[in-house]
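Peer 1: Below are the structure tokens for one structure; questions will follow.
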Amino acid sequence: MLLSYLKIAWKVLMRRKFFTFISLFGVSFTLMILLVVMAMFDHAVGPNAPMKRVDRMLFVNTIRHQMADGHGWMSNLASIHFVDDYVRKMKTPEKVGITTASANATAFTQSKLLPLDMAYTDGSFWQIMDYDFLGGRAFTADEVAQAQHVCIINEATARAYFGRPDVVGQTIEIDLKRYRVAGVVRNVSAAQVYAYADVWVPYTLSPQYFKDDRLEGDFLLVLLAPSAAAVPAVSEEYQQMMKRIPIPRPKEVKAIYSYADPIVPGVTRGILGNEPSLQNDQITKFYVLVGGLALLFMLLPVLNLVNLNVTRILERSGEIGVRKAFGAASIDLVGQFLVENLVLALVGGLLGLGLAAGALALVNEAHPVAYAHFALSWSVFGWGMVLTLLFGLMSGVYPAWKMSRLNPVAALRGGGEQK
Amino acid sequence: MSPETDLRQPDAAAPDRAVPVLRLRDIEKVYQTKTIETVALNQVNLTVNRGEFVSIMGPSGCGKSTLLSLMGLLDEPTGGVIEVDGRAVTSYSDKELAGLRNLKIGFVFQSYHLINDLSVVDNVELPLLYRPGMGGKERRQRALAALDKVGLNARTGHFPAQLSGGQRQRVAIARALAGGPEIILADEPTGNLDSVMGEEIIDLLLELNREQGVTIVMVTHDLQQAMKTQRVIRFFDGSQVG
């Protein structure tokens, strides 16, 4: 029966080529945009090297001070005092690593200036992240504690500065300071904000590395939970820890807020801004909103398809009448029409995947983000197929139901009278 | 006994050991709109026995096609009872009626109603698609056998548009036969054909009735064709008049 349905589906598609083209264009173009967005999202926050264990990671990217007397808000990164005296004393995280947002630095080669993005990290950071080392190794805790002038550079920097990637043990001069290259890693996309840099050095060399009792500083925190299931427990312990921290300068500061979030909620919290206490249910609402917008975006081609499908039903009323006369129950006709629509959606989906691959190739060619290579992963492909099926069902159910309700006698006469 | 005589006493003409396949009792069909009520059928009582070939005649709009739709379980009567093999189908669900149509009834339409996108053999297979548990191989064998019966086994891969009107109607008859129904309902099967092709189709239906015992009910405008059948029932203004 399925083969017969597929035969008919193919014939129907070929019969009205212009309608089919419009339908396919709507489906494939919408899917292309959704897939490109998803590929970029997956690239930035997905489990890609070096953040392969992103499902176990939590990030702290801000400490917010609510100022007294309505003087607004002050947002900062974390200080070493905050990290050492509070976060590192937490029990649930397996590891706590720190890094900084990459800052501009300059290396001098014999012939030119080499602008670099530099980040300061500790040893744990390298144990949490899974960088692909082309050679050498990460910092040791001793090297960090002793503030040794060692660095890890990416492949692009190695090639630009030394002309080759195997440069472990060589010396590189950055901002007039000399560092011994301890390791060379594969380039990391600038879209992976927590992992990206051209060169990494021990945080103890940072000009921001000094200890006082301030909470605000220059460091981003990466916490590794023992398992993905333990992430909420780490987040919860972080909240409890925050409640215990005495408010600094109580005359000026009314309250302090900070959250350890998995990567996507962390980004969401960043987008939603200065809510005083953005709770998880609000983040859920945000996801629902984004999901709703995506569905709305999909709804346009779906409505187009519904419209075309309903029109096509009238063209096929004779066929529907015959099928009913020879024993097709309503449910059989619904099944047939859904199969036909899924075939259309599937063809549109495959076209959409092809278009998305083409669009991403163009984006990659333009290099909008350093070292970023956006690609359709299996997960994006899987989501693409899910969206395609969703398309097929959304645009097929109503016309199929309408089709199945046609009165067979009227359908055989060529009319569209409903039961 | 001439057909004309039969025409006057329809049910009396049934053979001695007649087994009713289809029985209509006190059937009424009324089409109701906001402003007007049209009585299409009024108190129709009719029995079709196994192996009979019955013609239904009458002027346009007298209710012949409505009657055939009711006999084919494609429509519901406003009043009365339809019995198939002695069982009233009044309370049957959509799915049950579909199953009953599939097993017991084959249709032949005036305008063939073949699906142009399907080949001849795929068209003939159509009723078997809805037969639970029947595999593709058996479906194909049955369809080919039905095409053989109507003399079209050389055209199985053709499409309806490649056939003449007479050939299309033969395909439609093969489709009606494929499911092995007890009864074939033919709604003016020669209405779209010239007289020569029309004769061929009637001869084919007569042969099927005579040699394979298929029960046939045929709506026709052609008295000569009707005379060839065992019994003629006349309708006028929704009522059986003979």
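What follows is calculated from the coordinates using simple rules that are stated; it is not laboratory data. Here the structure is a predicted model, which means the values were calculated and not measured. Every residue, glycine among them, receives a Cβ derived from its backbone with ideal geometry; neighbour counts consider all protein chains shown.
Peer 1: So if I place +1 on the C-beta of Lys and Arg and -1 on the C-beta of Asp and Glu, and nothing else carries charge, what would the dipole magnitude of region A:22-138 be about its Cα centre? I want it in debye, nearest 20.
Peer 2: The dipole of region A:22-138 has a size of about 180 debye.
Peer 1: What list of ³J(HN,Hα) values in whole Hz, one per residue of region A:226-242 in order, does the Karplus curve 6.51 cos²θ - 1.76 cosθ + 1.60 (θ = phi - 60°) give from phi, with Gly and Pro shown as x?
Peer 2: x, 7, 4, 5, 8, 4, x, 5, 5, 4, 5, 5, 4, 4, 5, 4, 4
Peer 1: Report for the protein assembly as shown the percent antiparallel among DSSP-assigned beta bridges with both residues inside it, nearest 5.
Peer 2: In the protein assembly as shown, approximately 70 percent of DSSP beta bridges are antiparallel ones.
Peer 1: Still on this model: What chymotrypsin sites (Phe, Trp or Tyr not before Pro) does region A:12-80 have in DSSP loop regions with at most 16 other beta carbons within 10 Å?
Peer 2: Here no loop site has a sparse enough neighbourhood.
Peer 1: Reachable lysines from A:Lys254, Cα under 23 Å, same-chain residues fewer than 8 places away excluded?
Peer 2: Of all the lysines, those that pass the test against A:Lys254 - Cα under 23 Å, at least 8 places apart if same chain - are A:Lys243.
Peer 1: Return the subset of A:Lys17/B:Lys149; A:Lys11/B:Lys137; B:Lys34/B:Lys104; B:Lys137/B:Lys228; A:Lys95/A:Lys211 for which the Cα-Cα distance in this structure is over 30 Å, preserving the input order.
Peer 2: Going by Cα-Cα distance, A:Lys17/B:Lys149; B:Lys34/B:Lys104; B:Lys137/B:Lys228 fall outside the 30 Å limit.
Peer 1: Using only atoms on other chains, find how many Cβ atoms lie within 10 Å of each Cβ of peptide B:96-104 and report the average.
Peer 2: Counting other chains' Cβ atoms within 10 Å and averaging over B:96-104 gives 4.
Peer 1: With the dipole of region A:268-405 worked out from charges on the C-beta (+1 for Lys and Arg, -1 for Asp and Glu) around the Cα centre, which of A:Val302, A:Ala329, A:Ala400 lies farthest toward the positive end?
Peer 2: Highest projection toward the positive end goes to A:Ala329.
Peer 1: Work out from phi, with θ = phi - 60° and the Karplus expression 6.51 cos²θ - 1.76 cosθ + 1.60, the ³J(HN,Hα) of each residue of region A:5-22, listed in order in whole Hz, and give x for Gly and Pro.
Peer 2: 4, 5, 4, 4, 4, 5, 4, 5, 4, 6, 5, 10, 5, 5, 4, 4, 4, 4
Peer 1: What is the angle, in °, between the Cα long axis of helix A:378-404 and the longest principal axis of the Cα atoms in chain A? Nearest 10 is fine, range 0 to 90.
Peer 2: The angle comes out at about 30 degrees.
Peer 1: A further question follows. So the label point goes 7 Å from the Cα of B:Val19 along Cα→C-beta, right? Which residues of region B:28-61 then have their backbone N under 13 Å from it?
Peer 2: Answer for this model: B:49-52.
Peer 1: Please compute, for peptide A:314-326, the average count of beta-carbon atoms on other protein chains lying within 10 Å of each residue's beta-carbon.
Peer 2: 6
Peer 1: Please report A:Ile245, A:Ile174 as a ranked list, fewest other C-beta atoms within 10 angstrom at the top and most at the bottom.
Peer 2: Result, fewest neighbours first: A:Ile245, A:Ile174.
Peer 1: Filter the trypsin sites (Lys or Arg not before Pro) in region B:14-96 to those in DSSP coil with at most 13 other Cβ atoms within 10 Å of their Cβ, and list the result.
Peer 2: Of the trypsin sites (Lys or Arg not before Pro), the ones in loops of region B:14-96 whose Cβ has at most 13 other Cβ atoms within 10 Å are B:Arg17, B:Lys34.
Peer 1: Against the longest principal axis of chain A, how steep is helix A:330-366, in degrees 0 to 90 to the nearest 10, with axes from Cα atoms?
Peer 2: Here the helix axis deviates by roughly 40 degrees.
Peer 1: Nearest-5 percent of antiparallel DSSP beta bridges in region A:102-197?
Peer 2: 75
Peer 1: Of B:Ser55, B:Ala161, B:Leu128, which is farthest on the positive side of the dipole of region B:17-240, counting Cα position, with +1 on Lys and Arg Cβ, -1 on Asp and Glu Cβ, and the Cα centre as origin?
Peer 2: B:Leu128
Peer 1: Pull out the extension gain between A:Leu389 and A:Leu299, defined as 0.36 nm times the separation in residues minus the alpha carbon to alpha carbon distance; nm, one decimal.
Peer 2: Net length gain for the segment: 31.0 nm.
Peer 1: Per DSSP H run of at least 4 residues, take -39500 (n - 2.57); add these up for chain A, divide by its residues and hand me the 222 nm value, nearest 500 deg cm²/dmol.
Peer 2: About -16500 deg cm²/dmol.
Peer 1: Continuing with this model, one more query. Less than 11 Å from a label point 7 Å out along the Cα-to-Cβ axis of A:Asp213: which backbone N atoms in region A:227-255 qualify, by residue?
Peer 2: A:246-250
Peer 1: Which of the GluC sites (Glu not before Pro) across region A:154-258 are loop residues per DSSP, with 15 or fewer other Cβ within 10 Å?
Peer 2: Filter output for region A:154-258: A:Glu252.
Peer 1: Label A:His367 and B:Ala161 with points 7 Å out from Cα along Cα→Cβ: what is the distance between them in nm?
Peer 2: The modelled label-to-label distance comes out at 5.5 nm.
Peer 1: Using alpha carbons only, how many degrees (0 to 90, rounded to 10) separate the axis of helix B:195-212 from the longest principal axis of chain B?
Peer 2: 90
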